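Q: Got a structure for you, written out below as structure tokens; questions coming shortly.
The values are calculated or read from the model by the stated rules, or taken from the named source; none is laboratory data. As the structure is a computational prediction, the values presented were derived from the model and not from experiment. Virtual Cβ from ideal backbone geometry, glycine too; neighbours counted across all protein chains shown. Note: areas computed on protein heavy atoms with side chains; ligands, DNA, RNA excluded. Shrake-Rupley method; radii C 1.70, N 1.55, O 1.52, S 1.80 Å.
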Amino acid sequence: MTTCPDANVLAELADDALDEPSRAAVESHLDDCAACTELVATFAWIVAPPPRSPPGYELLAPLGARSWQVGDGIAVTYGARCAPGLVAVRHPNLAAVLAVGEIDGQPYVVHEYFARTEREWRDVEPRSLDEIALVWRGVLAGLAALHRGGLAHGQISPDRVFVDGDRVVLGAPVTELAATSGYLAPERLDGASASALADQFGVCAAAWEALAGHAAYSGTTIGALLVATASPPELPERADRRLAVLARGLAATPRDRYRDVDALATALARPRRPLVAIALVLAVIAATALVIALR
Amino acid sequence: MHAPSRPTPLAYDRDVTDELVAAFTAVWSGTAPPELGAILHELCTRVRAAHPGLLADRELVAAIAAHAPPHDVVAFCARCRAPELALATAASRGDASAIAELEAVCAEIVEAAHRRFASLGHTADDLHQILRAKLFVGEPAIARYNGQGSLGAWLRVTAAHLFIDLARRKDRAREVVADPHELDPLGATDVALEAIKAEYRAAVANALVQAARDLPPGDRHVLRQHLVGGLTIDQLAAVLGIHRATAARRIARAREALVARARTLVASKLALDDDELADLFGLVASKLDFSIARLLATPPA
């Protein structure tokens, strides 16, 4: 291995003062030198110190560009904001927001995080429609808790739903994340802000994808999606009953959707009861016959 | 001593430039090119403007000569950050005003560094004392600055080196043994690999390791610093002297190249059709950062 670059060479590297061959030689040395890797990391820390950790937490490992792990399943995301009321909303099906604040002028959110999305959970092995529906009823329970707290989520997508062991969790709505347009209600594509009814649309679009096996809407531009979401997705032949329920939640006009996600959850859970319907028809016929007979 | 092969600009006094070249060659062994006198004169003028009365011309020239390579001396002098080298040279000779100016930079450095080295049990004041002693006392380290990169970057690298050494000595005293599980690329906590069927797991892990080795020079370092060290794009751009967009592109490209290469390697090892391969790498790619971080965590010794 080549000799380690000294402080003069690393300073030149940082100032882009090295000629190309020298730069290539230094960078290639850095590839395989543990000591220099540590030196460069410390140098970077001194040049541009990372944000301080939130009070009571310690940055353990990076999870992405702006997130650090601060505990078991707990992360801090810098540059992120969320509704202050979110800290008070606790539900097993909703990723908990443990703290929000600001450090050195930068907002942060401390939140639970999960590794496996619902999509990945389905990819690992085939899941039955009942299993998938059960997961999404969990999501609806978490979302309902959020709505009861007077908050809207605004960013529901399959990538924000996690299945971690036995736990189904809806990711916390943290504003640093962009909403995914394929799951946005038409009124939001049109510029409206997040709402419970728009969340209902989002969760139905995501659940549709899980149950039907393909996205409810496709389209790469807002215009195309506005056209696509103007009517609910077409039900496949011999579609699962639950897709029809989701289709109502995907109504283009918010007031045509279910009153709230609890009503949606009830509709999803209602088992098929053909006998009840037949009994009802028979009762009507019998009653009519009785009326005629008594006349 | 050397007759210039082309006319010296009128602004330069021939006696003065000859004197500077003489001071240079007293320290540096080589044949002075004809333009050297004019270049040295220009550097001295810049230093006098930036720091009036800080350092005599002859002393500055001697300091440049002390660091100059035997060849390409003109390019070396042309790149010289003379005012910063003058400050460092004066500080190395105990000049109080130069030391005071550099101590202000040291204070900034310590302010940034002391959180990282909090485990050392040193206060910021302690670290400042240690850094000051290293730079200005005894055989002052500041004399090693060669004026080619910025003095600010040099001071920060030197401080980083010093604090790492301190931490290492403390670690050795404690005889800290690394947790071997942490170094296991197939460890149980790897989310991406965990999602893969056991029979493919080793092949994928090995392919990722091999693919990392095949990355273009420097990319493994960049990816490791980003994913393992948690360096942000901005930090990487700062220490590598590249634009932040370049840093971001480089990370993205390295990550893609790594997956593509690993995929090719796995395809050549396992009999999988395209769909299966796509599934396998879809799983890996979505959580790849965790895997790469683990695989890159320990650079080969």
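Q: Say we look at the range A:24-51 and pick out the residues that are out of contact with any helix residue (DSSP H, G or I) (no Cβ under 9 Å at 6 or more places or on another chain) and within 7 Å of another protein chain (Cβ to nearest Cβ); which of these is modelled with the lowest pLDDT?
A: Among those residues, the one meeting the criterion is A:34.
Table: residues versus (1) away from chain A (no Cβ under 14 Å); (2) buried (at least 22 other Cβ atoms within 10 Å of the Cβ); (3) more than 17 Å from the chain's Cα centre (by Cα).
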residue	(1), (2), (3)
B:231	no, yes, no
B:242	no, no, no
B:265	yes, no, yes
B:270	yes, no, yes
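Q: Report yes if residue A:81 is surrounded by fewer than 20 Cβ atoms within 10 Å (Cβ to Cβ) and at the interface with chain B (Cβ under 9 Å from one of its Cβ atoms), otherwise no.
A: Taking the combined requirement at face value, the residue does not satisfy it.
Q: Is at least one residue of the range B:45-66 in contact (Cβ under 8 Å) with a residue 60 or more places away in the chain and in a helix (DSSP H, G or I)?
A: Yes, the range B:45-66 contains a residue that is in contact (Cβ under 8 Å) with a residue 60 or more places away in the chain and in a helix (DSSP H, G or I).
Q: Any idea which of (1) aliphatic (A, V, I, L, M); (2) under 22 Å from the mean Cα position of the chain (by Cα); (3) surrounded by 20 or more Cβ atoms within 10 Å (Cβ to Cβ) is the one residue A:74 doesn't satisfy?
A: (3)
Q: In the set A:166, A:104, A:130, which member is within 14 Å of another protein chain (Cβ to nearest Cβ) and open to solvent by 30 Å² or more (accessible area, probe 1.4 Å)?
A: Result of the check over A:166, A:104, A:130: A:104.
Q: On to the next question. Only residues in the range B:137-152 that are more than 9 Å from chain A (Cβ to nearest Cβ) and part of a loop (DSSP other than H, G, I, E, B) count as the first member; pair them with residues that are crowded, with 17+ Cβ neighbours inside 10 Å and of a type outside the set (Asp, Glu), Cβ under 6 angstrom, at least 6 apart or cross-chain, and list the lot.
A: Going by the 6 Å Cβ cut-off, the qualifying pairs are B:140/B:92.
Q: Something else: Residues of the range A:3-23 being of a type outside the set (D, E, K, R) and either facing chain B (nearest Cβ under 7 Å) or in a helix (DSSP H, G or I) (or both), which ones?
A: Answer for the range A:3-23, where residues must be of a type outside the set (D, E, K, R) and either facing chain B (nearest Cβ under 7 Å) or in a helix (DSSP H, G or I) (or both): A:7, A:8, A:9, A:10, A:11, A:13, A:14, A:17, A:21, A:22.
Q: Applying the selection to the range B:57-67, what residues are open to solvent by 50 Å² or more (accessible area, probe 1.4 Å) and small (Gly, Ala, Ser)?
A: Answer for the range B:57-67, where residues must be open to solvent by 50 Å² or more (accessible area, probe 1.4 Å) and small (Gly, Ala, Ser): just B:66.
Q: For residue A:165, only one of the following conditions fails: (1) at pLDDT below 85; (2) within 18 Å of residue A:197 (Cβ to Cβ). What is its number?
A: (2)
Q: Only residues that are touching a residue at least 40 places away in the same chain (Cβ under 8 Å), within 21 Å of the chain's Cα centre (by Cα) and farther than 29 Å from residue A:148 by Cβ: list them for the range A:214-270, please.
A: Those that are touching a residue at least 40 places away in the same chain (Cβ under 8 Å), within 21 Å of the chain's Cα centre (by Cα) and farther than 29 Å from residue A:148 by Cβ: A:222, A:225.
Q: Can you pull out every residue in the range A:42-52 that is outside any helix (DSSP H, G or I), open to solvent by less than 50 Å² (accessible area, probe 1.4 Å), without any contact (Cβ under 8 Å) to a residue 24 or more places away in the chain and farther than 17 Å from residue B:228 by Cβ?
A: Within the range A:42-52, A:48 is the sole residue that qualifies.
Q: Let me spell it out: the conditions are (1) surrounded by 21 or more Cβ atoms within 10 Å (Cβ to Cβ); (2) in contact with an Asp or Glu (Cβ under 7 Å, 6 or more places away or on another chain), and residue A:136 meets all of them except one. Which number is the exception?
A: Only one criterion is unmet by residue A:136, namely (2).
Q: Go through the range B:109-127 and give me each residue that's out of contact with any Phe, Trp or Tyr (no Cβ under 8 Å at 6 or more places or on another chain) and open to solvent by 30 Å² or more (accessible area, probe 1.4 Å).
A: B:111, B:114, B:115, B:118, B:119, B:121, B:122, B:123, B:124, B:125, B:126
Q: Need pairs with beta-carbon distance below 8 Å; first residue of a type in the set (Ser, Thr, Tyr) and within the range B:210-239, second in a loop (DSSP other than H, G, I, E, B); sequence gap 6+ or separate chains.
A: B:232/A:48; B:232/A:50; B:232/A:65; B:232/A:66
Q: Also: So how many residues does the range B:14-54 have that are among the hydrophobic types (A, V, I, L, M, F, W, C) and either open to solvent by less than 20 Å² (accessible area, probe 1.4 Å) or in contact with an Asp or Glu (Cβ under 6 Å, 6 or more places away or on another chain) (or both)?
A: Of the residues in the range B:14-54, 11 are among the hydrophobic types (A, V, I, L, M, F, W, C) and either open to solvent by less than 20 Å² (accessible area, probe 1.4 Å) or in contact with an Asp or Glu (Cβ under 6 Å, 6 or more places away or on another chain) (or both).
Q: Could you check residue A:10 against (1) open to solvent by less than 50 Å² (accessible area, probe 1.4 Å); (2) at pLDDT below 85; (3) under 27 Å from residue B:81 (Cβ atoms) and say which number it fails?
A: (2)
Q: Across the range B:68-93, what is the total count of residues that are within 13 Å of chain A (Cβ to nearest Cβ), part of a helix (DSSP H, G or I) and open to solvent by less than 30 Å² (accessible area, probe 1.4 Å)?
A: 3
Q: Within the range B:109-127, which residues are over 18 Å from residue A:47 (Cβ atoms), more than 12 Å from chain A (Cβ to nearest Cβ) and either among the hydroxyl-bearing types (Ser, Thr, Tyr) or assigned to a helix (DSSP H, G or I) (or both)?
A: If the condition is that a residue be over 18 Å from residue A:47 (Cβ atoms), more than 12 Å from chain A (Cβ to nearest Cβ) and either among the hydroxyl-bearing types (Ser, Thr, Tyr) or assigned to a helix (DSSP H, G or I) (or both), then B:120, B:123, B:125, B:126 are the ones that fit.
Q: Then there's this: Return yes when residue B:106 is under 22 Å from residue A:44 (Cα atoms), open to solvent by less than 30 Å² (accessible area, probe 1.4 Å) and part of a helix (DSSP H, G or I) and no when it is not.
A: Yes, satisfied.
Q: A further question follows. Inside the range A:168-188, can you point out the residues that are over 17 Å from residue A:113 (Cβ atoms), modelled with pLDDT of 80 or more and not aromatic (Phe, Trp, Tyr)?
A: Scanning the range A:168-188 gives A:184, A:185, A:186, A:187, A:188.
Q: Of the residues B:133, B:178, B:141, B:203, only one is open to solvent by less than 70 Å² (accessible area, probe 1.4 Å), touching a Leu at 6+ places or on another chain (Cβ under 9 Å) and modelled with pLDDT under 95; which?
A: Unique residue meeting the criteria: B:203.
Q: Continuing with the same structure: Restrict the check to the range A:74-87 and report whether at least one residue is in a loop (DSSP other than H, G, I, E, B), touching a residue at least 60 places away in the same chain (Cβ under 8 Å) and not hydrophobic (A, V, I, L, M, F, W, C).
A: Looking for residues that are in a loop (DSSP other than H, G, I, E, B), touching a residue at least 60 places away in the same chain (Cβ under 8 Å) and not hydrophobic (A, V, I, L, M, F, W, C), one finds at least one in the range A:74-87, hence yes.
Q: Another question, then. Residues of the range B:79-107 being small (Gly, Ala, Ser) and farther than 20 Å from residue B:18 by Cβ, which ones?
A: If the condition is that a residue be small (Gly, Ala, Ser) and farther than 20 Å from residue B:18 by Cβ, then B:86, B:88, B:90, B:91, B:92, B:94, B:96, B:97, B:98, B:100, B:104, B:107 are the ones that fit.
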